[in-house]
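Some notes on the structure that comes next.
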Amino acid sequence: MTISVFCILLFAALLHASWNAIVKAGSDKLYSAIAVSGSAALIALILLPFSPQPTLASAPYLIASCALQVIYTVLVAKTYQVADMSQTYPLMRGTAPLLVAIISVLWLGDSLSSMAWGGIAVICLSILGMAFNGRSQSRKGIWLALLNSCFIAGYTLVDGTGVRLAGSALGYTLWTFFMNGFCLLVWAMLARRQEVTRYLVANWKKGLPGGIGTMGSYGLALWAMTQAPLAVVAALRETSILFGALLAFLLLKEKVAGLRIVAACGIAVGAILLRLA
């Protein structure tokens, strides 16, 4: 992996942590996520006429990705209703890269060096260490988080294949965010129109930077998938948890100590291993 791709992925991870911090700081996590997705859809709609369009061959992947990501978003909200985000979020994000690595090597023809496998393993174990830092409050939350990791791995693999067929990472990214945000907004309006409308009107200024952050983060990751193995991109993207811990400490005034510090250092070591692979 070139240094430029590596640095771009770290920047994408920082953006990912930033928009997650916006969602976490919202008074309602689901409505905040819908505000972010809706803002991204609006931005995508404005930019689509000026972007190169993806090839028709990538259309089935866009549809499949949209379905997977909408289900994932709803499951995330359900998971946070029954368990702490501090445990379930790392569990979701830490398991997914390992699934991506195994499937991409066995079925998609990607190849990874021993050092790359080592870097992915260190990142995953470090993130899982964060997840199990303390007692589990909900067995159902753990199972939902593991189920969500399958959906994360699923849309990562689908998008990684689709963007390689699309011929335009930008066009594929814009269509992804337009479709995902539109479907979420339609679902929200059908299920909870009054509550969602009130929240969006009151919090659109927070949703807009979140939309820019999520689109920039995943757009850069999609571009990187055309330059590097999917497993490496997926693992490096999860260094967002390292940035998230820093943002939680600096901006949200959360306590970050003990095993979380050790795990954060492990994520940094894993990223270095992937850079050297």
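The values are calculated or read from the model by the stated rules, or taken from the named source; none is laboratory data. What you are looking at is a predicted structure, and each value in this text was computed from that prediction instead of being measured. Here Cβ is always computed from backbone atoms with ideal geometry, including for glycine, and neighbour counts include all displayed protein chains. Just so you know, the surface numbers come from the protein's heavy atoms only, side chains and all, with ligands and any DNA or RNA stripped out. Shrake-Rupley method; radii C 1.70, N 1.55, O 1.52, S 1.80 Å.
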Identify, from the list I127, I120, the residue that is at pLDDT 85 or above, buried (at least 16 other Cβ atoms within 10 Å of the Cβ) and touching a Pro at 6+ places or on another chain (Cβ under 8 Å).
I120
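Which residue, of L98, L106, is open to solvent by 30 Å² or more (accessible area, probe 1.4 Å), at pLDDT 80 or above and farther than 20 Å from L236 by Cβ?
Answer to the check: L106.
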Has segment 168-182 got at least one residue that is surrounded by 15 or more Cβ atoms within 10 Å (Cβ to Cβ), over 22 Å from the mean Cα position of the chain (by Cα) and in contact (Cβ under 8 Å) with a residue 40 or more places away in the chain?
no
In segment 3-24, the residues that are out of contact with any Leu (no Cβ under 8 Å at 6 or more places or on another chain) and β-branched (V, I, T):
I3, V5, I22, V23
Of the listed residues (I8, I3), the one being under 29 Å from V232 (Cα atoms), in contact (Cβ under 8 Å) with a residue 12 or more places away in the chain and touching a helix residue (DSSP H, G or I) at 6+ places or on another chain (Cβ under 6 Å) is I8
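Conditions (1) open to solvent by less than 30 Å² (accessible area, probe 1.4 Å); (2) modelled with pLDDT of 85 or more; (3) of a type outside the set (A, V, I, L, M), marked per residue:
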{"residue": "A12", "(1), (2), (3)": "yes, yes, no"}
{"residue": "P49", "(1), (2), (3)": "no, yes, yes"}
{"residue": "I63", "(1), (2), (3)": "no, yes, no"}
{"residue": "T88", "(1), (2), (3)": "yes, no, yes"}
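Counting only residues that are β-branched (V, I, T) and surrounded by fewer than 22 Cβ atoms within 10 Å (Cβ to Cβ), which one in segment 209-229 is nearest to R164 (Cα to Cα)?
Residues of segment 209-229 that are β-branched (V, I, T), as a first pass: 212, 214, 226.
From what's left, surrounded by fewer than 22 Cβ atoms within 10 Å (Cβ to Cβ): 212, 226.
Values: I212: 23, T226: 6 Å.
Among those residues, the one meeting the criterion is T226.
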Give me the pairs: first residue in segment 38-56 and closer than 13 Å to Y172 by Cα, second residue outside any helix (DSSP H, G or I) and open to solvent by 40 Å² or more (accessible area, probe 1.4 Å), beta-carbon distance under 8 Å, and six or more apart or on different chains, which are they?
P52/G167; P54/G167; T55/G167
Determine whether segment 254-261 contains at least one residue that is modelled with pLDDT of 90 or more, within 23 Å of M92 (Cα to Cα) and assigned to a helix (DSSP H, G or I).
no
Taking segment 192-208 and keeping residues of a type in the set (G, A, S) and open to solvent by 60 Å² or more (accessible area, probe 1.4 Å) leaves A202
Having 1 or more residues that are modelled with pLDDT under 90 and farther than 23 Å from L75 by Cα is the bar; report the helices (runs of 4 or more DSSP H) wholly within segment 132-240 that clear it.
169-225, 230-237
Residue pairs qualifying under the 8 Å Cβ cut-off, at least six apart or on distinct chains, with the first in segment 142-158 being touching a residue at least 60 places away in the same chain (Cβ under 8 Å) and farther than 14 Å from V233 by Cα and the second being in a helix (DSSP H, G or I) and among the charged types (D, E, K, R), are L144/K78
Can you pull out the residues in segment 72-111 that are hydrophobic (A, V, I, L, M, F, W, C), over 14 Å from the mean Cα position of the chain (by Cα) and farther than 23 Å from I34 by Cβ?
L98, L99, A101, I102, I103, V105, L106, W107, L108
